[in-house]
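Contents: one structure, followed by commentary.
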Amino acid sequence: MLSLSSCWNSHRHEDGKHIAHEAKSLGFKYIELSHGLKVSHLPGIIQVVTESGIKISSVHNFCPPPVEVMMDAPDAFEFTSNKEEERVRALNLTEQTMETAARLGAQRVVLHLGSVPISPLTDKLEALTLEGKIYSREYTKVKLELVARRAKHAQVYFDRARHAIDQLLPLCEQYRVALGIETRSHFEQVPSAQEMLQLVDQYRESPWIGFWHDFGHVQRQANLGLLDHAEFLSEIAPRLLGCHVHDVDWPAKDHRVPLSTGGVDFDKLIPLIPKGIPLVWELSPTQRRSHVRERLAQWKEKFGE
């Protein structure tokens, strides 16, 4: 199930129907409503869904976005926050997203869970990698420091994330919408690879909690030596609700058109994905329309619809 995230073109259109029509003209039958979508886009999208046959594969939290935030900011409110009012706001906004999904016939909402508030070092590792220093003493020192810092503080924030999921479970049943917990790009974020596996185990019996594999995010961590992409994907694959598909320009410039940079080994990884789940092309707005069309045709030839 190939889908196109509205993050690629929503900024170019005032009317939501043009977002959907552009996706359809490229050859997509589904779209994902991303967190950058405006409330004013929704009437046009609803019209297209009703009249034109294009469907909504998924909705990315928060959608519609919080009125008090004037930019595209999916992490403006975190379930892991030290501020209770922020955690409550995140829950309320997520319910609005679930309501939007249910209204549009989408069965999946994509979630960011939050982060561990330590001094960030992932960007430093990426910079060192770009300089060719991934095997240097400096790199090893920074990497070990990052892992140790996170391990020292992570448990309370992981527990808050799990508590938020538990609070959302009754809403999943109410709206008949499942939650896909997304893999993240930075080691400071929640969940880490090991935490994701804990969540897979904890919610293995729940029909409402699944996981969302972001190829670009996971590849960025793999490029830093923090995990093995194929090994990690094979472990979470049976519980996947969907994927964000994009390529990576070494080591960390993601949201490139799939099959364009060679940064993600799709030939190796796509066979690990269960059949029938959404493969959402989540692209930077900088990616050219002609490039998207060209690579989509190549993708369909290699992997099908």
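Quick test of your reading of the structure: Asp265 fulfils all but one of (1) within 26 Å of Leu197 (Cβ to Cβ); (2) touching a residue at least 40 places away in the same chain (Cβ under 8 Å); (3) touching a helix residue (DSSP H, G or I) at 6+ places or on another chain (Cβ under 9 Å). Name the failing condition by number.
Condition (2) is where Asp265 drops out.
How many residues does region 85-112 contain that are within 20 Å of Cys243 (Cβ to Cβ) and either assigned to a strand (DSSP E or B) or over 20 Å from the mean Cα position of the chain (by Cα) (or both)?
Selection size over region 85-112: 4.
Please find, within region 94-110, the residue that is nearest to Met1 (Cα to Cα) out of those that are of a type in the set (Gly, Ala, Ser) and touching a residue at least 60 places away in the same chain (Cβ under 8 Å).
Of everything passing the filter in region 94-110, Ala106 is nearest to Met1 (Cα to Cα).
Looking at the structure I just gave you, is Ile45 under 23 Å from the mean Cα position of the chain (by Cα) and farther than 16 Å from Leu296 by Cβ?
yes
With the requirement that a residue be of a type outside the set (A, V, I, L, M, F, W, C) and surrounded by 16 or more Cβ atoms within 10 Å (Cβ to Cβ), what does region 261-305 give you?
Hits for region 261-305 are Gly263, Pro278, Glu282, Gln287, Arg295.
I'm trying to understand the selection: among the residues of region 167-188, which are buried (at least 19 other Cβ atoms within 10 Å of the Cβ), of a type in the set (Asp, Glu) and either more than 15 Å from Pro238 (Cα to Cα) or without any contact (Cβ under 8 Å) to a residue 60 or more places away in the chain (or both)?
Hit for region 167-188 is Glu188, nothing else.
Keeping to region 189-222, report how many residues are part of a strand (DSSP E or B) and either of a type outside the set (Val, Ile, Thr) or surrounded by fewer than 20 Cβ atoms within 10 Å (Cβ to Cβ) (or both). If you could, list the steps in order and put the result at the bottom.
Step one: list which residues in region 189-222 are part of a strand (DSSP E or B), which gives 189-190, 209-214.
Those still in the list that are either of a type outside the set (Val, Ile, Thr) or surrounded by fewer than 20 Cβ atoms within 10 Å (Cβ to Cβ) (or both) too: 189, 210-214.
Summing the residues that are part of a strand (DSSP E or B) and either of a type outside the set (Val, Ile, Thr) or surrounded by fewer than 20 Cβ atoms within 10 Å (Cβ to Cβ) (or both) in region 189-222 gives 6.
Would you tally the residues in region 151-187 being over 16 Å from the mean Cα position of the chain (by Cα) and either polar (S, T, N, Q) or farther than 24 Å from Pro278 by Cβ (or both)?
Final tally of qualifying residues: 16.
If we scan region 1-15, do we find a residue that is among the aromatic types (Phe, Trp, Tyr), surrounded by 15 or more Cβ atoms within 10 Å (Cβ to Cβ) and either under 17 Å from Ile181 (Cβ atoms) or touching a Lys or Arg at 6+ places or on another chain (Cβ under 8 Å) (or both)?
No: zero hits.
(1) among the hydroxyl-bearing types (Ser, Thr, Tyr); (2) touching a Gly at 6+ places or on another chain (Cβ under 9 Å); (3) not in a loop (DSSP other than H, G, I, E, B): which one isn't true of Ser185, the others all being true?
(3)
In region 15-37, what residues are out of contact with any Ser or Thr (no Cβ under 7 Å at 6 or more places or on another chain) and either more than 21 Å from Arg288 (Cβ to Cβ) or of a type in the set (Ser, Thr, Tyr) (or both)?
Within region 15-37, Asp15, Gly16, Lys17, Ser25, Lys29, His35 qualify.
All of the numbers you see were taken from the coordinates with simple rules; none came from a lab. Not measured: the values here are computed from a predicted model. Cβ atoms come from the backbone with ideal geometry, glycine included; neighbour counts cover every protein chain shown.
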